[in-house]
1. As a test of reading the structure, rank Thr62, Thr391 by solvent-accessible area (1.4 Å probe, protein chains only), most first.
2. If you place +1 on the Cβ of every Lys and Arg and -1 on the Cβ of every Asp and Glu, how big does the dipole about the Cα centre of the chain come out, in debye to the nearest 20?
3. So what's Rg/Rh here for the stretch 318-439, counting alpha carbon atoms and using the Kirkwood radius for Rh?
4. Can you work out the Karplus-derived ³J(HN,Hα) for every residue in the stretch 401-406? Use 6.51 cos²θ - 1.76 cosθ + 1.60 with θ = phi - 60°, whole Hz, and x for glycine or proline.
5. Tell me which of Val75, Pro328, Val162 sits at the most positive position along the dipole axis of the chain, charges placed on C-beta atoms (Lys, Arg +1; Asp, Glu -1).
6. With a bin width of 10 angstrom, please list the P(r) values of the stretch 137-271 as percents of all Cα-Cα pairs, from the 0 bin to the one holding the largest distance.
7. About the Cα centre of the stretch 366-500, how large is the charge dipole given +1 on each Lys and Arg Cβ and -1 on each Asp and Glu Cβ? Please answer in debye to the nearest 20.
8. Of the options Ala355, Ile375, Asn430, report the single residue whose Cα projects farthest towards the positive end of the charge dipole of the stretch 325-453 (beta-carbon charges: Lys, Arg +1; Asp, Glu -1).
Amino acid sequence: MPLGSLSKKKLTVPALAATAALALAGCNAGAGAEPGAADGEAQTDIVVALTGEPVNLDFTTTAGAAIPQALMSNVYEGLVEVDQQGEIQPLLAESWEQSEDRKDYTFKLREGVTFSNGEAFDAEDVKFSIERVQSDAWVSGMKAKMDIVDEVTVESPTSVTVSLKQPSNAWLFNMTTLVGAMFDPSGVEDLANEAIGTGPFSLESWTRGDSIKFAARDDYWGTAPKVQNATLRYFGDAVATTNALRSGDVDVVYNMQAPELVNSFQSDDAFQVLEGTSNGEIVLSMNNKAAPFDDVRVRQAVMHAIDRQAVVDTAWNGLGTVVGGPVPPTDPYYEDLNGVYPYDPEKAKSLLREAGAENLDITFTVPTRPYASAISEIVVSQLSDVGINATIETAEFPAVWLDKVFTQHDYQMSVVLAVEARDVLTMFNNPDYYLGFDNEAIAPLAAEADRADEDGYVEGMKEVVRTIVDEAGADTLFIFPNVVVAKAGVTGIPENSVTEALDLTDIGWQ
């Protein structure tokens with residue numbers, strides 16, 4: 001049956017999300033890009049302030065959300081994308097058809113598309129890109145999303161068929177994420193430093209510790225960006241981003257990390273404040289494979305010990321949504337699970353006694369991110385009330401945290417913002433993932449849900465999520481808000497953050 005539309009216009013992807021799914025954080029800021037033009041002049045540039053710089057530009061080998069945040073939708077594109085309502089829309093594929101057995105997808109590709117190095121995009125590039133995810137060239141944990149692909153067949157330069165091993169509800173959506181990015185075979189030799197894609201911008205420069213600069217492509221196949229030059233400027237301190245905005249050095253502070261300052265901008269007509277939502281979960285991670293959290297009763301005790309609404313109110317100025325599970329309200333299988341572990345310190349103490357784990361001493365490895373620092377203080381206080389003595393160990397983020405916690409799994413408890421779209425199976429369906437969750441109970445449920453029809457998929461995934469929550473795999477403290485502060489004249493800012501990318505295409509000036 002035919003799916004997708006024949007529209008030639010590029011559809012906008014809203015902003016943000018992640019891989020193995022972690023929000024990267026800041027390095028030092030330095031002298032950066034020039035701000036927008038002075039009053040009365042044509043505004044052709046935009047400068048966006050962020051607090052999470054990539055460690056390199058290669059999301060195929062490096063975890064962290066900052067790389068796809070910068071490059072997806074701006075430099076790299078996929079066959080399909082997700083719109084603001086969470087619906088899959090055509091991008092490099094102008095349409096597609098699915099076979100009756102739901103295993104074959106035949107994509108009709110747009111004609112006249114080129115990479116930023118001038119090479120033409122065609123079906124051979126689709127085959128190369130998908131098969132590369134399955135190869136040893138990709139080491140990112142997200143590569144597992146392509147395991148279900150059996151074969152990629154080039155039908156013609158503008159037609160390609162992807163055959164799955166079995167029907168899958170998740171695969172086409174996964175193609176909207178970074179694993180669906182299309183690459184030129186001649187442009188992958190130095191992905192850590194160079195980015196060559198079909199997107200509306202080309203990478204002009206990357207100054208480590210400072211900024212990434214993009215230039216609008218004159219030969220872009222779709223709707224042209226609203227500006228000629230776009231710069232992502234990185235700051236290590238959240239307050240520094242707002243100071244840069246007030247001084248005119250930047251035009252937009254995206255995903256603001258200083259919520260206590262929001263009110264001061266709301267009362268100033270020179271600025272605008274957008275308070276949207278995201279698919280990012282603030283996850284209180286417990287190493288399921290390390291004592292004391294290898295005991296489910298200890299993990300459940302932590303769940304009852306934390307007053308999640310108090311965490312939001314105290315640490316993040318009341319901005320954020322408490323959901324009780326690792327699924328944001330924007331996902332089709334979301335349900336409110338706050339009632340599973342209500343705040344109950346006495347229940348927490350009882351579970352710790354039952355586990356023989358009273359007066360626990362643990363190490364709380366906290367990344368150097370504004371949200372993590374703020375959250376850790378109240379979490380430590382609440383844990384202390386039930387007899388868990390948590391000592392904070394600061395880990396420089398991204399390098400140290402990614403190595404120690406994410407790669408080596410050398411930690412007991414941590415906290416991080418996980419921003420990959422629909423990432424519940426990324427986090428919990430792989431026992432070798434840093435959480436160490438035993439997926440034996442959910443793996444068959446997840447596989448059955450993926451093969452089912454649409455209703456079966458939703459109900460099956462709800463059962464998966466309930467099982468994870470029952471086992472207290474991690475404590476989702478809240479869904480991170482997407483707070484944006486910008487100059488009053490800036491338009492087209494994505495208010496909600498429902499994908500990995502910060503799409504700069506529609507950001508411009510009145």
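The values are calculated or read from the model by the stated rules, or taken from the named source; none is laboratory data. Values in this document were obtained by computation on a predicted structure and should not be read as measured data. As a convention, Cβ positions derive from the backbone with ideal geometry for all residues, glycine included, and neighbour counts pool all protein chains shown. In case anyone asks, the SASA skips ligands and DNA or RNA and just uses the protein heavy atoms, side chains included. Shrake-Rupley method; radii C 1.70, N 1.55, O 1.52, S 1.80 Å.
1. Values: Thr62 20, Thr391 90 Å².
The ordering from most to least exposed comes out as Thr391, Thr62.
2. On the way: 32 positive and 79 negative charges, 97 e Å.
Using only the charged Cβ atoms, the result is roughly 460 debye.
3. Working: Rg = 15.6 Å, Rh = 16.2 Å.
Using Cα coordinates only, the ratio equals 0.96.
4. Ordered by residue, 3J(HN,Hα) equals 4, 4, 6, 6, 8, 6 Hz.
5. Result: Pro328.
6. 9, 25, 29, 23, 11, 3
7. On the way: 7 positive and 23 negative charges, 130 e Å.
That gives the stretch 366-500 a dipole magnitude of about 620 debye.
8. Ile375
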